[in-house]
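Single-structure report; data block below.
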Amino acid sequence: MRISLVPVLALALVAGFTGTATLAHADASPTAASQGRWEQLGERTVDAKVDHDTIAVGREDGVFDAIQIKVEGSAMVMLDIKVVFGNGETFEPKTRLVFDKNSASRVIDLPGNKRTIKRVEFRYVDLPGGGRARVSLMGHEIPSWEQLGERTVDAKLDRDVITVGRGDGLFTALQIKVEGSAMVMLDIKVVFGNGETFEPKTRLVFDKNSASRVIDLPGNKRTIKRVEFRYVDLPGGGKAHVVLMGRG
């Protein structure tokens, strides 16, 4: 039976630096988190015996509650990790990560509530026989809903606009809530920050005090400039309160 010496050599090497190590596994997956979604925040190609590097993230990439690191192409040891948050605070998990070729770290939970990440700094060393490796930084984001705007409408057949604006953030989906009266939303037009538009092919029928299905937006997270809609009251309907929700 052949026994791989890579983990043994790695642990011995790391012990020379710190005395502690955590093995990364090829089958480790970002799906370890129960909710939300994972997205790649950045990557670096590294090729040095002992060196350090930085992956810049930025506020526009969202807010996160965990990170994970993937390494492809070569075995290596991640000696130190330093997460710099958007407000300047830092987090240095007390762990040393040992990567086989093409493996991923455990999920590293971030302290506090969801945080914006400015950059992640790391120091690494190749394992014996190692070479060029690609390091990918993954971030776990739990989508959250927020109210983007509202209108009170009272017409048999009319149209209206809810203005959003760049300052409200980046969004992946919309939902519309109607309170106070039954109505039909005939057309919806989403105007993004770059001027592109999206018109979902749907007619939304609202009972009194109800919500639409979740409307996924095309592409990656988008800024929204405004949402235009055309509507008509149902028989017996009257004044209605229309609320636009956005999912980050």
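The values are calculated or read from the model by the stated rules, or taken from the named source; none is laboratory data. All of these numbers come straight from a predicted model, not from anything done at the bench. With ideal geometry, Cβ positions are generated from the backbone for all residues, glycine too; neighbour counts draw on all protein chains shown.
Determine whether LEU127 is at pLDDT below 85, over 30 Å from LEU244 (Cβ atoms) and surrounded by 19 or more Cβ atoms within 10 Å (Cβ to Cβ). Before you say what the answer is, go through the steps one by one.
On the way: at pLDDT below 85: yes; over 30 Å from LEU244 (Cβ atoms): yes; surrounded by 19 or more Cβ atoms within 10 Å (Cβ to Cβ): yes.
Taking the combined requirement at face value, the residue satisfies it.
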Selected residue (criterion: nearest to THR172 (Cα to Cα)) from residues of the range 214-238 that are crowded, with 17+ Cβ neighbours inside 10 Å, under 18 Å from the mean Cα position of the chain (by Cα) and not aliphatic (A, V, I, L, M): LYS221
Any hit, the range 33-41, residues being in contact with a Pro (Cβ under 9 Å, 6 or more places away or on another chain), within 30 Å of ILE224 (Cα to Cα), among the hydrophobic types (A, V, I, L, M, F, W, C) and not assigned by TED's automatic domain parsing to the domain that holds ILE224: yes
Residue list for the range 162-201, restricted to those being charged (D, E, K, R) and more than 22 Å from PRO235 (Cβ to Cβ): ARG166, ASP168, LYS189, GLU196, GLU199, LYS201
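Looking at ASP187, ASP207 in this structure, which one is exposed (fewer than 15 other Cβ atoms within 10 Å of the Cβ) and either more than 24 Å from the chain's Cα centre (by Cα) or of a type outside the set (A, V, I, L, M, F, W, C) (or both)? Full working, then the answer.
On the way: ASP187 fails: exposed (fewer than 15 other Cβ atoms within 10 Å of the Cβ).
So the residue among ASP187, ASP207 that is exposed (fewer than 15 other Cβ atoms within 10 Å of the Cβ) and either more than 24 Å from the chain's Cα centre (by Cα) or of a type outside the set (A, V, I, L, M, F, W, C) (or both) is ASP207.
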Selection within the range 134-181 - assigned to a loop (DSSP other than H, G, I, E, B), out of contact with any helix residue (DSSP H, G or I) (no Cβ under 9 Å at 6 or more places or on another chain) and of a type in the set (A, V, I, L, M): ILE142, ALA155, VAL164
The range 82-99: number of residues that are surrounded by 19 or more Cβ atoms within 10 Å (Cβ to Cβ) and farther than 16 Å from ILE55 by Cα: 4
